[in-house]
Amino acid sequence: MAMSSSLHVYLLDVAATRALVGSGDDRLLEAVRTEFAGRLAEADEYFEFDLADGAPTAYEALRAVVHGGPFDAPAQFTFQYGYAYERLCEFTGRFLPNDSFTPHRGDWLSVVDRGLADLGVTALSVSDFAHGSAPSPVPRSYTPGCGSWTPEQVAQALRQFGDTMEAVEAGRIPLPPLGDQTVVDAVFQALGWMKAAAELPGHGVIGFRF
């Protein structure tokens, strides 16, 4: 049986969040360390064998991300920096509903993307969150996958959706069949993320797949 995956998505100012990487903001670093003290300790306990083999602690990874380095962990442990970037997103952003995506299996994100495309939405995709990584100079890692929807992409996607719905209401095209109810729910949850971002100037979505 295939292992399940999770998708965590955050509503935030994408450009400002990216700018935290390498900012050297020690006040932010201390605030995150204080807020997530228990979880940082839990993460270190969970990865204790990796730490013994040279992985950075959760705090060391967080500090490296905020200070733009040094990223001197062995290649197999660069995932710690991805987790650190997610903690910055969680601290500064708002966690968005994700029950249609957590857990998920196989090519579920691609299935939802096809549903979005059926509604005319091609400016972005939920698969964007699976195949990228945290902003440079954070080292790339397979897990967690990371990607973002910029405000411009969100605005274009909502225009595309609006154009399709206008054509449906005018009778120019039939309502596209999206598949079963789970696909419909996931497509409209993703549209909900877009609408939430569009309500706040400069905001978009950053997502992580585990």
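Just so it is clear, none of the values below were taken in a lab; they were calculated from the coordinates. Just so it is clear, the model here is predicted, and its values are computed rather than measured. Glycine gets a Cβ as well: all are built from the backbone with ideal geometry, and neighbour counts include every protein chain shown.
If I model a spin label at THR34 and ASP107 as a point 7 Å from the Cα along the Cα→Cβ vector, what separation in nanometres do I get?
Going by the 7 Å Cα→Cβ label model, 4.9 nm.
Measure nothing fancy, just the Cα-based angle from helix 79-92's long axis to the longest principal axis of the chain, in degrees from 0 to 90, nearest 10.
Once rounded, the angle reads 70 degrees.
Which parts of the range 94-111 would a label at ASP185 reach, counting a residue when its backbone N lies under 18 Å from a point 7 Å out along Cα-to-Cβ?
Residues 96-111 fall inside that zone.
Per the Kirkwood formula on distinct C-alpha pairs, the Rh of the range 146-210 is how many angstrom?
13.1 Å
Cβ neighbours within 10 Å, averaged per peptide: list 153-163, 113-123 in order, most packed at the top. Present the calculation step by step, with values, prior to reporting the outcome.
Details: 153-163: 17.0, 113-123: 18.5.
Answer by packing, highest mean first, reads 113-123, 153-163.
What is the diffusion coefficient of the range 1-119 in µm²/s, taking the Kirkwood radius over Cα pairs and the Stokes-Einstein relation at 37 °C with a viscosity of 0.692 mPa s? Write out the running numbers ahead of the final one.
Working: Rh = 16.0 Å.
Approximately 205 µm²/s, per Stokes-Einstein.
For GLY162, what is the net charge nearby, where nearby means another residue's Cβ is under 13 Å from its Cβ and Lys, Arg count +1, Asp, Glu -1?
Here the count lands on -1.
Karplus couplings for the range 191-202 from phi (6.51 cos²θ - 1.76 cosθ + 1.60, θ = phi - 60°), rounded to Hz, Gly and Pro as x?
4, x, 4, 4, 5, 5, 5, 5, 6, 10, x, x
Most mobile of VAL138, VAL65, VAL32 per a Gaussian network model of the chain (Cα springs, under 10 Å)?
Answer for the Gaussian network model of the chain: VAL32.
Go through the range 115-131 residue by residue and turn each phi into a ³J(HN,Hα) via Karplus (6.51, -1.76, 1.60, θ = phi - 60°); whole Hz please, and just put x for glycine and proline.
Going residue by residue, I get x, 4, 4, 4, 8, x, 8, 10, 5, 7, 8, 6, 5, 4, 7, 9, 10 Hz, with x marking Gly and Pro.
Can you compute the charge dipole magnitude of the chain about its Cα centre, using +1 on each Lys and Arg Cβ and -1 on each Asp and Glu Cβ, nothing else charged? Give it in debye, rounded to the nearest 20.
Using Cβ point charges on Lys, Arg, Asp and Glu, the chain gives about 380 debye.
What residues have an amide H closer than 5 Å to that of CYS146, excluding those fewer than 5 places away on the same chain, when H is modeled at 1.01 Å from N in the peptide plane?
HIS131, GLY132, SER133, ARG209
What does the helix-only formula give at 222 nm for the chain: each DSSP H stretch with n ≥ 4 adding -39500 (n - 2.57), the total divided by the residues, and the result rounded to the nearest 500 deg cm²/dmol?
-15000 deg cm²/dmol
Could you list VAL111, VAL66 so that the one with the fewest beta carbons within 10 Å of its beta carbon is first and the one with the most is last?
VAL111, VAL66
How big is Rg to Rh over the range 7-209, alpha-carbon atoms, Rh as the Kirkwood inverse-mean-distance radius? Working shown, then result.
Working: Rg = 18.6 Å, Rh = 18.0 Å.
Taking Rg over the Kirkwood Rh, I get 1.03.
Roughly how tilted is helix 58-67, in degrees to the nearest 10 and between 0 and 90, from the longest Cα axis of the chain?
80 degrees
Enumerate the residues in the range 117-143 having an amide nitrogen under 15 Å from the point lying 7 Å beyond the Cα of GLU166 toward its Cβ.
120-121
Spelling out what I want: for every residue of the range 136-150, take phi, set θ = phi - 60°, compute 6.51 cos²θ - 1.76 cosθ + 1.60 (Karplus), and round to whole Hz; glycine and proline get x.
4, x, 4, x, 6, 9, 5, 10, x, x, 8, x, 9, 10, 6
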